[in-house]
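What follows is a set of notes on a single structure, which appears directly below.
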């Protein structure tokens, strides 16, 4: 399982690093202007529904059912997957058409602050171009679920990198030759906005093609052989997926609330988006890896009645998540301004943008451990085909998020949106933790995980002191045009300090990690 975490995490890390390169280029050429904000809103629409349909509700229901069929020699798991593909094509094609037709209403729901503003028309246009991405990426997520359930994580983890590579290539080509985008009014930021938005569906096709090719090579024939029909297995899938879909809808409503609040403050949508990219690096590397690997592993152990194996998987996942997430949160809290300035402050992105983005980043950092711990706790429910309980908890988190974001916006401005997201995440974790206690020993951390959790926090705080001191010492380098070198030194110093301190006080054991990889 640890090898699976590291395989998914390392490829996710590559994708997120490429995402940083993409965002550095977007900040350079678009800054926080109308085209940038329109792009962020338009791109978030298919991504929001993707999490709702594919990575959220559908996969949480599909993976346990598919994994169980794999364990039964009398079942044809791939036939079940083909039926699911056929149904998804029909449903999402219809949904895509409706989304394109009613795009003004979707943009209004996402960012009503854009109304009577050039950003609204631009966001509608961009949204219609990007929306077919939902069909491509949702089908890709289903194929990834098949690969992951069979213990094949490489292609599914590598696929997201293709989209970021496509973005980088598109922006680079347009920078070299702006005439590639023939606009009647050749405004620079609109040229780059057009290049970005047309890359979205193209990148989705690349991702789907890669995972389909990987599944074919692994012997899984997932292209439907018949028209979609409602089978008993699909009915069961729908019954399990419905509460998860509603829970996913609650999460997306939380996002909508944040976007709505931000849309009433000029530049805030972009500030929150850039801050989101930074805290999504550790969240993606750790959270996605755990979510992808833990659910099929737990599903198999639940089916076989392996109580000790379930507890061990849960404990190791919690330990692994804290090991990388807590120090990341501390680092983002200690040097947010340095990170944002070095990565984004150039061209159209100025010092004022840096200050606002750094504030949002600090607030998100406070919630980073909660975002990842949700990925550890939720599979305990989903592996048992229980999607109703997380739905109830998600509704509570919705109330928390809306109350904080809307209630505090008149007093603390756009930061209320980030604070609402963070507090809602901690509310969700608290409820999930209270809920899993009723599952008995399988949902109790073992002695090793409890012991190391405290040591991980101590090592992270000590690392934070070292990073703060190193940031002060490196200030001359940041001010003389060597900020990139200084940031690399700062990151390396923090990493070495954390692992040295952690090894010294027993927060981690590198020998155990190497042993796990060899056994894998």
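Laboratory data are not the source of any read-out in this text; all were calculated from the coordinates shown. Quantities reported herein were computed from a predicted structural model and do not represent experimental measurements. Because the Cβ atoms are built from the backbone with ideal geometry, glycine has one as well, and the counts that use them run over all protein chains shown.
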Only Cα pairs under 8 Å and at least 6 apart count here; give the relative contact order of segment 363-483 as a rounded whole percent. 28 percent
Over the chain, what is the relative contact order in whole percent, taking alpha-carbon pairs under 8 Å and six or more residues apart? 21 percent
Go ahead and estimate [θ] at 222 nm for the chain from helices alone: -39,500 (n - 2.57) per DSSP H run with n ≥ 4, summed, over the residue count, rounded to 500. -27500 deg cm²/dmol
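Sort 214-227, 165-178, 333-346 for me by packing, meaning the mean count of neighbouring Cβ atoms within 10 Å per residue, highest on top.
Descending packing order for the listed peptides: 333-346, 165-178, 214-227.
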Taking the number of other C-beta atoms within 10 Å as the exposure measure, put 213, 468 in order starting with the fewest. 213, 468
Can you grab the distance from the C-alpha centre of segment 363-424 to the C-alpha centre of segment 185-214, Å, no decimals? 31 Å
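Over the alpha-carbon set of the chain, divide Rg by the Kirkwood Rh and report the Rg/Rh ratio to two decimals.
0.95
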Kindly put 20, 49 in sequence by how many other C-beta atoms sit within 10 Å of each C-beta, fewest to most. 20, 49
Among 199, 93, which comes first, second and so on when ranked by fewest other beta-carbon atoms within 10 Å? 93, 199
Highest mean first, what order results for 267-279, 484-496 on Cβ atoms within 10 Å? 267-279, 484-496
